[in-house]
Amino acid sequence: MKKVERYKRRAYYTTKPKVDIFEDDTSITILADLPGVKTEDLSVEVKDNILSIDGKVNRTDKKKSYILMEIDTERYGREFVLTPIVDQTGIEAELKNGVLRITLPKIKEATPHKIKVGG
Amino acid sequence: MAQVRSELRDPFREFEELRREIDRLFDDLGRNFLEEGEVGLYPALNITEDRDCIYVEAELPGVRPEDIDLSINQNTLIIEGERRDGVEGDELRFFRKEIERGRFSRAVSLPVEVDPESADASLRDGILYLKLPKSDKAKPKQIPVKS
């Protein structure tokens, strides 16, 4: 029971952002919707092969009187396990228009390369 | 043998366990469907007010300001537009595609009439902020009390 309560509380405070994840030959890209999060309130970090996103939403309307409330997210959080093909030293992140774009380059061994055929 | 006997002593225990499992399952489903409600391309809104204005916030991540159309007709606010930050390409392989894009439209009734001429809209960090001054006749009137 206690565990459920704790989980519920965490689920209320932290919302899982919607993401798109795709790859091309040289990198993997994660797009995450984080409306209301400013760059200074966002942390993207890698630890023990886990990439985590944690962003605080800047709520300006807290003290006003509500007519309708559908947005109550205070925090966005989600974690991803990185596969060994990701070059963890080259990860880049950019936040624009409430969308976070994380680019995870692949290690050289995982990117396709042409082999010259001698004639 | 001892095992069998202890189960016989409480034949309803398994039902009780099953009931709890089902409760837990519904609990999870409820949370996913209701609390993290999927709104898709129907922007979520917060509407607040003070004495002079109505304030509207709409979640529109990835939408450019030039792709948003706002209109106010008496006390109906219509937010329309298109999210076009999609990524496409034959060489791309998708693992997850949770973000919805395309056209959206939402109409909402405001509790009072607002003055569309002096409305103010700005888009910051994927949220559209609207400040809609209430029309003069909708504002509360102070009645001076004579002594």
Could you pull out every one of the strands (runs of 3 or more DSSP E) wholly within the range A:40-119 that has 3 or more residues that are at the interface with another protein chain (Cβ under 10 Å from one of its Cβ atoms), surrounded by 12 or more Cβ atoms within 10 Å (Cβ to Cβ) and modelled with pLDDT of 95 or more?
A:99-105
Show the residue pairs meeting these rules: Cβ distance below 6 Å; 6+ apart or different chains; first residue within the range B:58-74 and outside the structural domain of B:Leu110 (by TED's automatic domain parsing) and over 15 Å from B:Asp125 (Cα atoms); second residue exposed (fewer than 11 other Cβ atoms within 10 Å of the Cβ) and not hydrophobic (A, V, I, L, M, F, W, C).
none
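Assess whether A:Asp25 counts as being exposed (fewer than 15 other Cβ atoms within 10 Å of the Cβ) and facing another protein chain (nearest Cβ under 10 Å). Show your work before the answer.
Numbers: exposed (fewer than 15 other Cβ atoms within 10 Å of the Cβ): yes; facing another protein chain (nearest Cβ under 10 Å): yes.
The answer is yes for A:Asp25.
Take B:Glu100 and tell me if it is surrounded by 11 or more Cβ atoms within 10 Å (Cβ to Cβ), of a type outside the set (A, V, I, L, M), assigned to a loop (DSSP other than H, G, I, E, B) and facing chain A (nearest Cβ under 10 Å). Write out each step before concluding.
Values: surrounded by 11 or more Cβ atoms within 10 Å (Cβ to Cβ): yes; of a type outside the set (A, V, I, L, M): yes; assigned to a loop (DSSP other than H, G, I, E, B): yes; facing chain A (nearest Cβ under 10 Å): yes.
So B:Glu100 passes the test.
Somewhere in the range B:120-139, is a residue of a type in the set (Asp, Glu) and part of a strand (DSSP E or B)? Let's see the steps before the verdict.
Restricting attention to the range B:120-139, the residues satisfying the condition of being of a type in the set (Asp, Glu) are B:120, B:125, B:136.
When the remaining residues are screened for being part of a strand (DSSP E or B), the result is B:120.
Yes, there is a match, as at least one residue in the range B:120-139 is of a type in the set (Asp, Glu) and part of a strand (DSSP E or B).
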Those residues of the range A:78-87 that are out of contact with any Lys or Arg (no Cβ under 6 Å at 6 or more places or on another chain) and over 8 Å from A:Pro105 (Cα atoms) come to a total of 6
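Within the range A:93-107, how many residues are at negative phi and without any contact (Cβ under 8 Å) to a residue 12 or more places away in the chain?
Quick first cut of the range A:93-107, residues at negative phi only: A:93-96, A:99-107.
Imposing the further condition that a residue be without any contact (Cβ under 8 Å) to a residue 12 or more places away in the chain reduces the set to A:94, A:96.
Here the count works out to 2.
From the list B:Asp85, B:Asp90, pick out the single residue that is part of a loop (DSSP other than H, G, I, E, B), among the charged types (D, E, K, R) and closer than 29 Å to A:Tyr76 by Cβ. Lay out the reasoning, then the answer.
Details: B:Asp90 fails: closer than 29 Å to A:Tyr76 by Cβ.
Going through B:Asp85, B:Asp90 in turn, the sole match is B:Asp85.
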Could you go through the range B:52-61 and let me know if any residue there is farther than 22 Å from A:Leu31 by Cβ, within 13 Å of another protein chain (Cβ to nearest Cβ) and over 24 Å from the mean Cα position of the chain (by Cα).
yes
Any residue at all in the range B:109-121 that is touching a residue at least 12 places away in the same chain (Cβ under 8 Å), at the interface with chain A (Cβ under 9 Å from one of its Cβ atoms) and over 26 Å from A:Lys64 (Cα atoms)?
no
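The values are calculated or read from the model by the stated rules, or taken from the named source; none is laboratory data. On a predicted model such as this, the values are computed, not experimentally measured, just so you know. Every residue, glycine among them, receives a Cβ derived from its backbone with ideal geometry; neighbour counts consider all protein chains shown.
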